[in-house]
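**Q** Pasting a structure below so you can have a look.
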Amino acid sequence: GRRPQCRVDVSGFDEAWNEMLESRQNKGEGELAVRLLHELLAAGVKPEDVALLTPYVAQAKLLKAMARVVGLEIGSIDGFQGREKEAVIVSLVRSNEAGSIGFLSDMRRLNVAITRARRCLIVVGDSATIARHPVYARFVAHADALGGHRSAYEWIQKA
């Protein structure tokens, strides 16, 4: 069946390079992902029914430090293949002037990320950066068509 999708746009949070982990992270995006997680939990979704996924090791580590929810799974997209959760929040991390998406351009990763959710998929990403890639641009357009395009600023104003 068709699964509901929602998507959040976080243009404005910059990615950073984590020297120690040789990986990218995006703190503002992580904070937003965790806030969205808490909204799901407040709506009655159980922590064990949610996965918080990201392509970047540094971001996974950052999310683990921020979320601290027992039973919640946080990890890399690559480590999550072949499984599903009721709700999945994906943090794409990349946000830069150049529109560079690095290994996000591996489409199998995107496919794994967005097909893991049974009921609710939330993709947190900077559409100005990722939509320069044609497949992501289609995904963004698809979310728009479903009325699923939200701005990060809606959440920031609630804070």
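Yes/no matrix, rows are residues, columns are (1) within 12 Å of the chain's Cα centre (by Cα); (2) farther than 18 Å from Phe103 by Cβ; (3) open to solvent by 10 Å² or more (accessible area, probe 1.4 Å):
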site: Arg24; (1), (2), (3): no, no, yes
site: Gly30; (1), (2), (3): yes, yes, no
site: Leu37; (1), (2), (3): yes, yes, no
site: Val45; (1), (2), (3): no, yes, yes
site: Asp49; (1), (2), (3): no, yes, yes
site: Val57; (1), (2), (3): no, no, yes
site: Lys61; (1), (2), (3): no, no, yes
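Here is a yes/no grid of residues against (1) in contact with a Gly (Cβ under 9 Å, 6 or more places away or on another chain); (2) at pLDDT 85 or above; (3) not aromatic (Phe, Trp, Tyr):
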{"residue": "Ala117", "(1), (2), (3)": "no, yes, yes"}
{"residue": "Cys120", "(1), (2), (3)": "no, yes, yes"}
{"residue": "Val124", "(1), (2), (3)": "yes, yes, yes"}
{"residue": "His133", "(1), (2), (3)": "yes, yes, yes"}
{"residue": "Tyr136", "(1), (2), (3)": "yes, yes, no"}
{"residue": "His142", "(1), (2), (3)": "yes, no, yes"}
{"residue": "Ala145", "(1), (2), (3)": "no, no, yes"}
{"residue": "His149", "(1), (2), (3)": "no, no, yes"}
{"residue": "Glu154", "(1), (2), (3)": "no, no, yes"}
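**Q** Criterion first (among the acidic types (Asp, Glu) and in contact (Cβ under 8 Å) with a residue 40 or more places away in the chain) does Glu15 satisfy it? Please lay out each step first, then the result.
**A** Working: among the acidic types (Asp, Glu): yes; in contact (Cβ under 8 Å) with a residue 40 or more places away in the chain: yes.
Yes, satisfied.
**Q** Another question, if that's okay. Quick one: Glu97 ticks every box in (1) in contact (Cβ under 8 Å) with a residue 24 or more places away in the chain; (2) of a type in the set (D, E, K, R); (3) part of a loop (DSSP other than H, G, I, E, B) except a single one, so which number is it?
**A** Checking Glu97 against (1) in contact (Cβ under 8 Å) with a residue 24 or more places away in the chain; (2) of a type in the set (D, E, K, R); (3) part of a loop (DSSP other than H, G, I, E, B), the one that fails is (1).
**Q** Take the residues in region 104-126 that are within 11 Å of Arg94 (Cβ to Cβ) and not hydrophobic (A, V, I, L, M, F, W, C), then tell me which one is surrounded by the fewest Cβ atoms within 10 Å (Cβ to Cβ).
**A** That would be Ser105.
**Q** Does region 69-84 contain at least one residue that is free of Cβ contacts under 8 Å to residues at least 40 places away in the same chain and hydroxyl-bearing (Ser, Thr, Tyr)?
**A** Step one: filter region 69-84 for residues free of Cβ contacts under 8 Å to residues at least 40 places away in the same chain, giving 69-84.
If we keep only those that are hydroxyl-bearing (Ser, Thr, Tyr) as well, we get 76.
Yes: region 69-84 contains one or more residues that are free of Cβ contacts under 8 Å to residues at least 40 places away in the same chain and hydroxyl-bearing (Ser, Thr, Tyr).
**Q** Additional query: Is one or more of the residues making up region 64-80 open to solvent by less than 40 Å² (accessible area, probe 1.4 Å), over 20 Å from Ser23 (Cβ atoms), hydrophobic (A, V, I, L, M, F, W, C) and part of a loop (DSSP other than H, G, I, E, B)?
**A** Yes, region 64-80 has at least one match.
**Q** If you go through region 81-94, how many residues are open to solvent by 10 Å² or more (accessible area, probe 1.4 Å) and of a type in the set (S, T, N, Q)?
**A** Number of matching residues: 1.
The values are calculated or read from the model by the stated rules, or taken from the named source; none is laboratory data. Keep in mind that this is a model prediction, so the values were computed, not measured. Please note: Cβ atoms are built from the backbone with ideal geometry, for glycine as well, and neighbour counts cover all protein chains shown. Note: areas computed on protein heavy atoms with side chains; ligands, DNA, RNA excluded. Shrake-Rupley method; radii C 1.70, N 1.55, O 1.52, S 1.80 Å.
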